[in-house]
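S.K.: To start, I am sharing the structure in question, which I have written as structure tokens.
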Amino acid sequence: MNYKPDPIDTSKVNLTTEHLKITELLAKNTHEIWAKQRISEGWKYGKNRDDAQKLHPGLVPYEELPESEKEYDRVVSMGVIKTLLAIGYRIEGSETTTEKTATVDDSNLSLILESLKKSSQLNLKSLQTIRRETINLHLRYPEIFRILGEYILKLGEPLMAYDILSEGLKEWPNDIRLQQLLALSLARSGATQRANNLLLELVNSGKNDEETISLLARTHKDLWQQASSPEESAQQIALAAQRYQQAYQMSGDYYPGINAATITMLMGDAETAKAIAVEVREKCLAELPPVSQRSENNYWLLATLGETALILGENSEAEDWYSQAVKQSKGGFGNLSSTRRNATLILEYRQGDINWVKNCLPISRVINSLT
């Protein structure tokens, strides 16, 4: 079969803040339409997908979906908007509310978002316009801060992401996703204890969702690596394992699952780690689309399959999965760095060749001067 997808070219379409605002609405509605159709066909919610019994973990309200699933719906919705604009339609709306109005310069913001999505062409200089003295970030919805924060973190610029997310939290101090992303930006910036404290506050206030617990586990893993005494080291790695296993038991998702497997191996329990890795591999393979349909959204599935193979001692298979993940990374230096870190930890534990990771997961980036 020689089918080659040929979608309408939307590369020259610039989105305004109004277009971005309706993206989340369309994304939610896309999920609602999909869920309604599934339910009408007899499907029900299940912790794990089971086609035979018609069980699906995605049959939950949009707000309860993992961010990776929401992002898939957002990409589809944004694609629809861009396609309509590309073929000559105009999207109009009217203001019917007295809530905060958008005061962002649409042309600047469109340039930033287009640059972020074409991350292979991005440099720090092109992101200067995000600085608060250039853009007055008072928007009606917090989604724009989430979008910018996620993309900038993906590109490996946690300090810049921190600035943007802090601005968003001034307007929406109780937004959970903004707080999670802020904690991640702190962790990736090296402010591990601050990130840990923020996430502990969230958990202690009753925010016991998978994402928050997993991020908290990540900070304990960081603190384990930074520990100055054997006692502190043992305490932090145990807390990391406990939290990852908690998140995995809650959701059955591959993200906390693979981290639970890795941290369990690092604690010396290789057999349990391999058992978890086998479970996670099966989940990932069940979710992974055919090669012709894979996209940037499948990066973590591919990277996770690489990590499961590495835990199982299947280095050749790991190299193949990691290679596929790199092809889908689209300049996601932050994501690649996280993947490399776990792979390095596993190889260090197994006393393997660390250079293998650098060759398998290369990060080549050119940083242009801000001056």
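Quick note: the coordinates plus some simple rules give every number you see, no bench work behind them. All of these numbers come straight from a predicted model, not from anything done at the bench. Note that we place each Cβ from the backbone using ideal geometry, even for glycine, and neighbour counts take in every protein chain shown.
S.K.: With an 8 Å cut-off on Cα pairs and a minimum separation of 6 or more residues, tell me the relative contact order of segment 9-93 in percent. Could you put the intermediate results ahead of the total?
M.R.: Working: 71 pairs, mean separation 32.4, N = 85.
38 percent.
S.K.: Past 30 Å, Cα to Cα, is the threshold; run K170/K283; K221/K358; K154/K358; K12/K154; K28/K54; K28/K330 against it and keep the listed order.
M.R.: In this structure, K170/K283 lie more than 30 Å apart at Cα.
S.K.: Taking only C-alpha pairs under 8 Å that are 6+ residues apart, what is the relative contact order of segment 244-364 in percent?
M.R.: 20
S.K.: While we're here: Can you put M160, M267 in order, fewest other beta carbons within 10 Å first?
M.R.: With the fewest neighbours first, M160, M267 line up as M267, M160.
S.K.: Now for a different question. What is the log10 of I(q)/I(0) for segment 244-364, computed with the Debye formula using one identical point scatterer on each Cα and no solvent, at q = 0.14, 0.16, 0.20 Å⁻¹?
M.R.: These q points yield log10 I(q)/I(0) values of -0.53, -0.70, -1.10.
S.K.: For segment 9-93, restrict the atom set to alpha-carbon positions and state the Rg and Dmax in Å.
M.R.: 15.4, 45
S.K.: With Cβ to Cβ distances under 9 Å as the rule, what net charge do the other residues near D253 carry (K, R +1; D, E -1)?
M.R.: Local charge sum for D253: 0.
S.K.: Now for a different question. If you add up the charges near L153, with Lys and Arg at +1 and Asp and Glu at -1, over every other residue whose beta carbon is less than 11 angstrom from its beta carbon, what do you get?
M.R.: +1
S.K.: Count charges around K327 for me, please; just the other residues with Cβ under 15 Å from its Cβ, Lys/Arg as +1, Asp/Glu as -1.
M.R.: Counting the neighbours of K327, the net charge comes to -1.
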